[in-house]
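The values are calculated or read from the model by the stated rules, or taken from the named source; none is laboratory data. Worth saying up front: this structure is predicted, and the values here are computed from it rather than measured. Glycine gets a Cβ as well: all are built from the backbone with ideal geometry, and neighbour counts include every protein chain shown.
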Amino acid sequence: MPLDNLLPMIDDRRYDDIVTEIRTRIARYAPEWRPGDAAWTDVNDNDPGVTFAQVFAWQADMLLYRMNLVPQLNYIKFLQLLGIELEPAEPANAEVTLPVLTTSANSVVTVPSRTPLSADPGDGGTPLIFETVRSLKAFRAQLNQLLTAEGGGYSDISNANDGVTGFQPFGPQAAKDAELALGFVDSAPLPAEVLDLAIVVQSDPQAFGWYGCGDTIATPAKLAWEYWDGTYWTPLTLLKDETLAFTRTGHVQLKLPAGGITATAKFSGNPKDTTKRYWIRVRVASSQYLNPPILLAVRTNTVLVEQAETIHDEILGGSDGSRNQSFQLNGLPVVAGSLQLQIQQSNDGFDTWTEVTDFFAAGPADQVYVLDRSSGKILTGDGVNGAIPVAYVGNPGANVVARVYRVGGGKRGNVAAGLIDTMTTHVDGIDDNGIGNLLAAYGGRDEETLDQAKKRAPQALRSRDRAVSNSDFEYLATQAGNVRRAKALPFFHPQFPGLKVPGTVSVVVVPDTDDPAPQASDGLLRTVCSYLDARRLLATELFVLRPLYQLVLIQGDVIAADDADLAQLGIAIEQSLLDYFHPLKGGEKGDGWPFGGTIYYSRVYQRLLGIQGIASISDLTIVLDGEAQPPCTDIPIQPHALLYSVQHAVIANYDAGATA
């Protein structure tokens, strides 16, 4: 028997219900005020007896309201016993390019870590603050020419390096010895520094874009990085390649030679171009590409930023030596792992305390604390589990200090491309007019609601933070970042979609955005990969995929009711169909179109007939990916794909044959 059948009945009557019930019972229970008096027939608000009834109803309504809160209170307390709290907001991330002025006196400009930038999200609110996650060595040298060669002469593809067009760095075959040459212009030799190249890979909208997790993912090609020394191509030291041979977006770091690079015009690809450049190339040493890579852009001077603001040396008060003390941070919400708490307990100076998730494993001398990132509340131990901060007589009111922490988070930080364009702290040499993020920010998430936590609790108990079953992978993927939906595909390998590959699990993630076809960024795929990789079984080969979308359009004609407003009816039809096919709020249940879900003609028909004001449907056609489908036919979509729509063409008119 379902437990729902055993739930106690809770009185759901409110003030108006109680007053109405009292009025209906007057004739039976109080026919007369006193024996011999006339019957009580006046039950309007002006009657004194009704006033007493209203006061009673108001008091009863308050008692019922408090009684109805008891089950919710018990549930929340149960969640707390399990250690389940509301997930705090998470900050968005983005890659921002910081170009150097050609007139700068320095060939390399250092941008410190936690340099603040701002973005106007366009919602009328206050600008958002972003900070660089690490320091950046920005080169004055400009990358102004890209050449590609595949078995022949060089071809200039510089104009395609715009972040929109896309280009094949190794040509259509990506065969052995194909190359991409990068030409830099500067007034001085390239310095003996680390050159950081940001590589943006174009995803195929007709196939699953994927990201392999873990260190066991095979690289489909071996690339050799070299520079032109004036006579020969000489190998460069590759420090890091996050792109797996240009198959995914990431950074490539190269150690430039101490002796510098000779400038030459030899490889310009244009006999009339006499500009001398410093040349670096990447060559395909061996190739096993299934599909040649396609890049959107190659950028220098690009660094990861986080939607957060750093706060230094905030005094939280003084310890009084009591058990279970609490201290309050002013900034909210707190970014995970950013708080450095220091407490002075003697003349020897401040001690740094360590953050823990709870005190269960802490001993009486362990200097640890628990932080609620949403509320900014800091808790210390009781002397049994966790040390008690000692009261320091030399500074009794200010010996507890948040030496540094960062605040920020929320979906609002997922700003569009190009909006992070202002440095709030000027850095000499940086071109303020050229700052911008090529791609939209990703990963920002609002604080979890109570209803979301209630839904999460059973999944958390089942998974126990380990990815074993399909539901485990799906639940944990939604916890990794700004992921609204996830679908685990066992035995599915994105490179071999038609085969069942044992030991392989692919997880499709749909981010929580307002786009009609939400697409996960490379950064979000990396975040989910890292989160799931730490929780998967050792022998599981794991991939995180972007959704595969198919565009649906409904065409047709409907007959409107005589009293319907055609303009309002047209708006209602359009919105109803957009919602029905939406990947996040579509489908029959309103929780998103099912992965690989068939389009049932009858249900689309019913959807339209359910709109108030439609009398009948005279014509209805489903168009999938630009192709009209046969009428009165259910339409299957690709396996594991989702539907989306941007507009529909259903025309509403009155019945031309109806008489006035």
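What to note about this one:
- Subset tally (residues that are farther than 28 Å from Ala192 by Cβ and not assigned by TED's automatic domain parsing to the domain that holds Arg283) for region 121-160: 11
- You will find that of Leu79, Leu86, the residue that is surrounded by 11 or more Cβ atoms within 10 Å (Cβ to Cβ), assigned to a helix (DSSP H, G or I) and touching a residue at least 60 places away in the same chain (Cβ under 8 Å) is Leu79 and no other.
- Wholly enclosed helices (runs of 4 or more DSSP H) of region 449-542 bearing at least 1 residues buried (at least 17 other Cβ atoms within 10 Å of the Cβ), at pLDDT 90 or above and more than 13 Å from the chain's Cα centre (by Cα): 470-480, 522-533
- Taken over region 378-413, the criterion of being touching a His at 6+ places or on another chain (Cβ under 9 Å) and not charged (D, E, K, R) is satisfied by Ala402, Val404, Tyr405.
- Applying the criterion of at least 3 residues that are not aliphatic (A, V, I, L, M) to the strands (runs of 3 or more DSSP E) found wholly in region 93-155 leaves 93-97, 128-132, 142-149.
- Output for region 294-306, where each listed residue is in contact with a Ser or Thr (Cβ under 7 Å, 6 or more places away or on another chain) and crowded, with 22+ Cβ neighbours inside 10 Å: Asn301, Thr302, Val303, Val305
- Scanning region 27-51 for residues that are at pLDDT below 80 and either closer than 30 Å to Pro71 by Cβ or of a type in the set (A, V, I, L, M, F, W, C) (or both) turns up Ala27, Ala30, Trp33, Ala38, Ala39, Trp40, Val43.
- Condition met for Ser319 (out of contact with any helix residue (DSSP H, G or I) (no Cβ under 8 Å at 6 or more places or on another chain), assigned by TED's automatic domain parsing to the domain that holds Ala402 and surrounded by fewer than 19 Cβ atoms within 10 Å (Cβ to Cβ)): no
- Some residue of region 577-592 being under 28 Å from the mean Cα position of the chain (by Cα), touching a residue at least 60 places away in the same chain (Cβ under 8 Å) and part of a helix (DSSP H, G or I): yes
- Failed item, numbered, when Ala224 is tested on (1) surrounded by 18 or more Cβ atoms within 10 Å (Cβ to Cβ); (2) part of a strand (DSSP E or B): (1)
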